[in-house]
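Data first, discussion second: the structure below is written as structure tokens.
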Amino acid sequence: MTFPIAVLASGTGSNLQALLDKVHGRDGIEIVGVASNKADTRALTRARDAGIETAVFPIGDYADREARDAVLAEWLEERGVRLVVSAGFMEILSPGFIARFRGRIVNVHPSLLPAFPGIRSIEEALDYGVKVTGVTVHFVDEGVDSGPIIMQEALELPYHRDIEGVEKRVHEIEHELLPRVVKLIAAGAVEIDGRQVRVGDGEG
Ligand code: GRF
């Protein structure tokens, strides 16, 4: 059985690369499309290099976000996508889109949610002076990084911290955690029960 997935990525695409390297073409999981909100992103180059179909859906080309997301949703549905992975899409998805893919959209976020949602999470965690930060993979709901949490991994912060070093470690964790979650979902090992998410071992 195949498990077609799509990735939404608008940045450097290092999480997309981790998915290409660790899950694409394994256990029936196929990345069948990569969509971005802007052209000329490294993420799209990585997708094309891997022979994956890409599309760009810039918000400015549509009447509003709902209209753009409706076209994006069509594109994903035409490809039979069973899971949408948001990996640096950097935009909130509209309620209509979330309703169409409810429980089938995951996002990777560079903090231990619910701390530091939004776009400057690593800087905000450092500025706040927290001793532990980390990575969260969660289902996407209508809020900002507020959906049910699937998995988290913590990272202790030393007192002498350089932002580049912390970013590097956070990204390394993301590149392990996100592929792991995608594999578990494809294996049917992830079950949502309200805010609680039960994660099995993927062994069936
Ligand atoms: C990651 O830090 C992810 O957690 C956040 O956006 C960043 C995307 O990085 N949502 P990349 O484009 O995958 O390299």
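Probe of 1.4 angstrom, ligands and nucleic acids ignored: what's the accessible area per residue over the range 93-204, in square angstrom?
Ligands and nucleic acids excluded, the result is 52 Å² per residue.
Evaluated at 4 °C with a viscosity of 1.567 mPa s, what Stokes-Einstein diffusion coefficient in µm²/s does the range 118-197 have when Rh comes from the Kirkwood expression over alpha-carbon pairs?
Stokes-Einstein gives a translational diffusion coefficient of 93 µm²/s.
State log₁₀ I(q)/I(0) for the chain at q = 0.12 Å⁻¹ as given by the Debye formula over alpha-carbon point scatterers of equal weight, solvent excluded.
Values returned for q = 0.12 Å⁻¹ are -0.59.
Once amide H atoms are built 1.01 Å from N in the peptide plane, which residues 5 or more positions from MET151, or in another chain, come under 5 Å H to H?
VAL137
Rounded to the nearest 5, what % of the DSSP beta bridges within the chain are antiparallel ones?
50
Nearest 0.05, what FRET efficiency do ASP201 and ALA154 give at R0 = 22 Å with Cβ-Cβ as r?
0.60
Determine by what factor the alpha-carbon radius of gyration of the range 75-146 differs from 2.2 N^0.38 Å, reporting the quotient. Intermediate results must be reported in sequence, preceding the final value.
Working: Rg = 13.7 Å, N = 72, 2.2 N^0.38 = 11.2 Å.
Output field value: 1.23.
Would you be so kind as to identify all helices of the chain, as entire DSSP H runs, whose Cα atoms reach 30 Å or more along the helix's own axis and whose mean Kyte-Doolittle hydropathy is at least -0.5? Before the final figure, lay out the partial values.
Details: long enough: 163-186 (34 Å, 0.03).
Membrane-span-like by this rule: 163-186.
Of the accessible area of the range 32-79, with the probe set at 1.4 angstrom, what percent is carbon plus sulfur?
It is 46 percent, rounded to a whole number.
Report the rotationally averaged projected area of the range 13-92 based on its alpha-carbon convex hull, in square nanometres.
Here the figure is 5.2 nm², rounded to one decimal.
Beta carbons within 10 angstrom, averaged per residue: use that to sort the peptides 181-191, 121-131, highest first.
Working: 181-191: 19.5, 121-131: 14.9.
Descending packing order for the listed peptides: 181-191, 121-131.
Hey, rough spin-label estimate for GLU124 and ARG65, points 7 angstrom out along Cα→Cβ, what's it come to in nanometres?
Output for this residue pair reads 1.6 nm.
Cβ under 13 Å from PHE116's Cβ, PHE116 left aside: what net charge do those residues give with Lys, Arg +1 and Asp, Glu -1?
-3
The values are calculated or read from the model by the stated rules, or taken from the named source; none is laboratory data. Treat the numbers as computed from the prediction; the structure is a model and nothing was measured. So basically every Cβ, Gly included, is an ideal-geometry build from the backbone, and we count neighbours across all protein chains shown. What goes into the accessible areas is simple: the full protein's heavy atoms, side chains included, and nothing from ligands, DNA or RNA. Shrake-Rupley method; radii C 1.70, N 1.55, O 1.52, S 1.80 Å.
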